[in-house]
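Here the structure is laid out as structure tokens; the discussion comes afterwards.
Read-outs: derived from the displayed coordinates by stated rules, not from any lab. All figures in this text were calculated on a predicted structure; none of them were measured in a lab. All Cβ positions, glycine included, derive from the backbone under ideal geometry; neighbour counts span all protein chains shown.
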Amino acid sequence: MFKKMFTVFCALIITFMIVSFVPPQKVNAEANSVVAQNGQLRVSGNQLVNQAGEAIQLKGMSSHGLQWFGQYVNYDSLKWMRDNWGITIFRPAMYTQDGGYVNDPSQKNKVKEAVQAAIDLGIYVIIDWHVLGEKDPNIYKEQAKGFFAEMANLYKDYPNVIYEIANEPNGYATWNGHIKPYAEEMIPVIRSIDTNGIIIVGTGTWSQDVHDAANNPIAQSNIMYTTHFYAGTHGSLLRDRIDYARSKGVAVFITEWGTSDASGDGGPFLAESKVWTDFMKDRKLSWTNWSLCDKTEASAALAPGASPYGGWSDAQLTASGKFVREQIKSATPTPSDGIVSGKTYKMVNVGSGKALDAAAAGTANGTNVQIWDDNGTGAQQWIITDVGGGLYKVINVNSNTGLDVAEMGTANGSNVQLWSYGGGSNQKWSIVKVGSTYKLIASNSGKALDVAAAGTENGTNVQIWDDNGTNAQKWNLYQLN
């Protein structure tokens, strides 16, 4: 009798556990993110497409080796690049040798940190097995199988994740003799766990021989082939190879390119780089630029000593970094959906219910910006105009002056005022939709338009402050014409 009761009790407990502990649905934290909008990517013919079958071009950054510059791979730096540069993809470069995974398997923890940040931010991410010094990807094939099995088990339900299984085979490693056989062993390891994820395969001669792959492609779906270039070394010959490969029906993803020569130094060659970025734009070739680091070399995006956590001013970017930032911004869809360029709006703060207002209806440069009861005057009306790169100028109707961060300020508490519009970064704003409301992010600092101390009284000052998601930084925008 006791045994029977015990059996029934256990059955009830098991039933309770099955009903109660349903695995959480794996969704992106950012409802309006690029991943939320585009979902699980796939390959259609020679093109990367979104869940609706529309061609998509992803643009972003690759880290340098995580063992050397992993401090730049974190949630804050990725968030800064998403919000201020417009990145839609990030690639943490996990070397196999030289202190990488084979020498130190804990390097995968930094990859996991990057993937989780990408999931939280709603951007795509490439898990990179950075074959380089060993030349032949078969050298560490068994380690690669274990690594990708672990990654696929962790992230198989997330549309964010793309797998790059061999960065740059080189030397004696050929497509037919070494790389394709490796890929044909590696792909089933991932596919047995993640049936949908995009898998990118490197090609010979430091991923320049994409034509060889096109002549003998892998008989699997959702496979892409990478080409790497450095603008000071590689030109029309490599572009012709890409066009040839695409004409054969294979899809190409540029997982690494630099503005320098092939050494990573020399240059930057910005005119040649622009030829390449135009080429990639015309063909909707997705790319990540090498590299997010402060190494003293031409291809590095950051100046020596730049913060690991974003917030970079122009002075903290190299010539390459500034160029690449602008190429990422170019034609990157702005998240501020619903804004009609050139129209007049009033902006009402969510926390206080009061309108963004020019103090005393002032028209002079330096007029302070505050909140005040919504009164319908021109002092509370703003013409919002797209100025490119996902940025807007915000011009007060009454004074024809722009919303301006005083003295190019970047610190918390920097004052917001009106000033004649001159196109400075302190007068350009990202306008980002947050549910049914908006936040305004100053281009020069990445900080949000903020009501001081979350005040609600008439005359409370408006400033910039770290983006914190509070109602003091959320604004309802009402179109007036």
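Points worth noting:
- N375-A453 FRET efficiency (beta carbon distance; Förster radius 30 Å; 0.05 resolution): 0.85
- Positive-end extreme of charge dipole, the chain - chosen from N50, N458, Q71 (charges on Cβ): N50
- Taking the DSSP bridge list for the chain and keeping only pairs wholly inside it, about 60 percent are antiparallel.
- For region 30-50 versus region 158-196, the gap between their alpha-carbon centres in whole angstrom: 21
- Helix-only mean residue ellipticity at 222 nm for the chain, each DSSP H run of n ≥ 4 adding -39500 (n - 2.57), per residue, nearest 500: -7500 deg cm²/dmol
- Each principal axis of the chain carries a Cα extent, and these read 83, 76, 40 Å when sorted largest first.
- DSSP loop GluC sites (Glu not before Pro) with at most 13 other Cβ within 10 Å excluded, longest remaining stretch of the chain: 55-456
- Close amide-amide hydrogen proximity is noted between Y345 and W382, I383, I384, L480, each under 5 Å apart and 5 or more residues distant or on a separate chain (H modeled in the peptide plane; Pro and chain starts excluded).
- Region 311-462: relative contact order as a whole-number percent, Cα under 8 Å and 6+ apart: 23
- Span-like helix ranges in the chain, DSSP H, alpha carbon extent 15 angstrom or more, Kyte mean at least 1.6: 2-20
- Placing +1 on each Lys and Arg Cβ and -1 on each Asp and Glu Cβ, with no other charges, gives region 34-329 a dipole about its Cα centre of roughly 620 debye.
- Checked against a 30 Å cut-off, the cross-linked pairs K59/K393; K79/K108; K281/K346; K79/K141; K145/K329; K110/K274 give Cα-Cα distances beyond that limit for K281/K346; K79/K141; K145/K329; K110/K274.
- Put in order of Cβ neighbour count within 10 Å, fewest first, the listed residues V250, V125 become V250, V125.
- Length added when fully stretched, I218-N176, from 0.36 nm per residue minus Cα-Cα: 14.1 nm
- Only aspartates and glutamates eight or more places from K180 in sequence, or on another chain, were considered; those with a Cα closer than 12 Å are D136, D212.
- Rough spin-label spacing in nm, given labels placed 7 Å along Cα→Cβ, for S263 and D98: 1.4
- Distance between the C-alpha centres of region 425-468 and region 246-319: 31 Å, rounded to the whole angstrom.
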